[in-house]
1. Of the conditions (1) crowded, with 19+ Cβ neighbours inside 10 Å; (2) hydrophobic (A, V, I, L, M, F, W, C); (3) without any contact (Cβ under 8 Å) to a residue 60 or more places away in the chain, residue 587 satisfies every one except a single condition; which number is it?
2. Inside segment 622-636, can you point out the residues that are over 17 Å from residue 607 (Cα atoms) and of a type in the set (D, E, K, R)?
3. Test residue 487 against the criterion of being in contact with an Asp or Glu (Cβ under 9 Å, 6 or more places away or on another chain) and modelled with pLDDT of 80 or more, and give yes or no.
4. In a helix (DSSP H, G or I), surrounded by fewer than 22 Cβ atoms within 10 Å (Cβ to Cβ), at pLDDT below 90 and of a type in the set (Ser, Thr, Tyr), is that true of residue 374?
5. Just one of 460, 473, 422 is of a type outside the set (A, V, I, L, M) and within 19 Å of residue 118 (Cα to Cα); which is it?
6. Just one of 578, 591 is within 15 Å of residue 624 (Cβ to Cβ), of a type outside the set (Asp, Glu) and touching a strand residue (DSSP E or B) at 6+ places or on another chain (Cβ under 7 Å); which is it?
7. Please enumerate the residues belonging to segment 157-212 that are over 31 Å from the mean Cα position of the chain (by Cα) and not charged (D, E, K, R).
8. Which of the residues spanning segment 23-56 are over 30 Å from residue 187 (Cβ atoms) and either at pLDDT 85 or above or of a type in the set (A, V, I, L, M, F, W, C) (or both)?
Amino acid sequence: MSGMDFFGHQAGARSASNRLVFLFALAVFAIVGCLYGVAYVLLAMASNGEVRSFEPALFGLVALGVLGIVGIAMLIKTTMLRSGGGKVAVMLGGREVPPDTQDPQERMLRNLVEEMAIASGVPVPEVYVLDDETGINAFAAGWSPADAAIAVTRGCLDQFNRDELQGVIAHEFSHVFHGDMRLNIRLIGVLFGIVCIATLGRIVVRMVGSGRGDKKGGVVAIVAFGVAMIVIGYLGVFFARLIQAAVSRQREYLADARAVQYTRNPRGIGMALAKIGGLGGRLQSAHADEASHMMFADGMRRFLGGVLATHPPIEQRVERVLPGFLKHASGGSDLPTAVAMTPMPAAFAGLAGAAGLAPAASAARPRLGAQQLTASIGEPQAGHVKAAQTLLANLPLDLAAATHEPFRATALVTAVLLDRDPKRRQQQLDGMAGNDAGFVHEVRASFQAIARLDPNVRLPLVELAVPALRRLPDAERQQLHTMLRTLALADGVLSPFEFALLRTVERFVRRDGVLPPRPGRGTALVDHAAQASVVLSVLAHAGAHGDADRAARAFARGRQALGVPADLALLPPAQCSVRDLEPAIEALATVSPLGKRNLVAACAEAAADDGVLDADETDLLRALAILWDCPVPLPALPAA
């Protein structure tokens, strides 16, 4: 496995995006040059050679036309996909799986996605099934964890058991964490833009070439230019496919390795790959080609062998997760049989399938050190998955069902914010008089159920409810945001947990249902020293409980971990209120991945004045980190 951490992979994804822009610019420049050459020859023939060696006006016209076609096509495609991964899934024929589905196969799929989401510290993404696709494949799509979607084909559900499907889901979550999804959507836009050159050429040839009567010289020239657009456009497509393949291959090896890390079961993903190798992962969708780079396995038939393949060969991928597989496969065994014959690596011996079994007994949530929390970002381990399975297994069935229904999920999230003091809680319930009596009753019932749970379950409950809350109409989502903020600020004080809950819901359940994409170019942390000072001051004061010396000591720890040359000072409480904190968090969301590493480490150090984070501090940091697209896994249970 690669030694690079989450932030290093995020930075690598941004570098790959920059390389993509450069290679795309080269491809477009080559198309402009080739089309100018054709236009120049046609112009010379029409004017009997009476043209200059270079025609600036002609070159400008061709360049403007190509840039206009490609740019507009890219803009249209990217705008279509702006609202997130669900748009990509729908484009490929996907159907969203409702949170309360009763279909056994879909329920297993949702359970695995929920486990992995809770384990890794992200709200549950949208889940889709491509019903018409019998090939075995899957993908993750979106701009960030806030709008991610996980999709599988019907072939996945029909052919995989739980261990195999878990390996595939874990693989796709690696793409969610490491910045691959954003790059993949940009690739879709690039490919669509270049393809439009050839498409427009076909339209020109069809419209002009099909005209009746004599073909005069001008018409012949236009048709010839249209044919040139087709040929040169597809040459551009060829090089775009090479870019697509080069960007994707190494990331598949990484995601396979991460899937083993998350599940501790290399045979699960190994068998999934083997079945794809035997049964195939081709998609029938007309859009399969432009999205093939984001699939679990290559979804297209390739006419030039591996040159344009967006994924490494299946056999090599299996060998990397199950060393010794190729020796058994070379003996004539089919791929699944070869996987079954390959011994598990020593580090995983005896663990096959164990990650898929939720422990029946609950375990206390461990306290984390600041460095331990920072190191876990984007890197969930089997212990985190085990903790999520334990949490979900011990969740009362009625509460689990409530997270899957929009009405009950709204009541549940509202109940989480009710005060533990009976008198103040009754005042909060009385303040809901404008709501339906049935809703108030549901809130009261949800509170009674939540009150019997460990407080550590509250934030994961909200994360589980996110898909159901997203299904609310716009007006009801707006009412939810208003009601939650009113409840949280009812006593004039916003606790760390209340802040964590509010920002989680506001980030992942947008009022208008659309998440604005993050800026593509990261900014330097030093440019946001003032905003970092606000966040660190809030954390220092929150943990000090009025002790000025303790707050100063906590701030100093955070400032040292931040590592910026700016002279930062602890702000008084009046200058780091919630009103100051929220814009600071938004500004810090633009910091580069390597800057975010220091930022999150500094926040953890400021919150853990005693060196250890309690449950409220951990929840607050998990909420801050996910607002910056740095998911912190659920604290892991100790190894059995």
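1. Of everything listed in (1) crowded, with 19+ Cβ neighbours inside 10 Å; (2) hydrophobic (A, V, I, L, M, F, W, C); (3) without any contact (Cβ under 8 Å) to a residue 60 or more places away in the chain, residue 587 misses just condition (1).
2. The answer is 629, and nothing else.
3. Yes: the conditions hold for residue 487.
4. no
5. Numbers: 473 fails: within 19 Å of residue 118 (Cα to Cα); 422 fails: within 19 Å of residue 118 (Cα to Cα).
Only one candidate passes the filter, namely 460.
6. Criteria check complete, one pass: 591.
7. 198, 199, 200, 201, 203, 204, 205, 207, 208, 209, 210, 211
8. Quick first cut of segment 23-56, residues over 30 Å from residue 187 (Cβ atoms) only: 40-56.
The answer is 41, 42, 43, 44, 45, 46, 51, 54, 56.
The values are calculated or read from the model by the stated rules, or taken from the named source; none is laboratory data. None of the values given here were measured: they were computed from a predicted structure. Note that we place each Cβ from the backbone using ideal geometry, even for glycine, and neighbour counts take in every protein chain shown.
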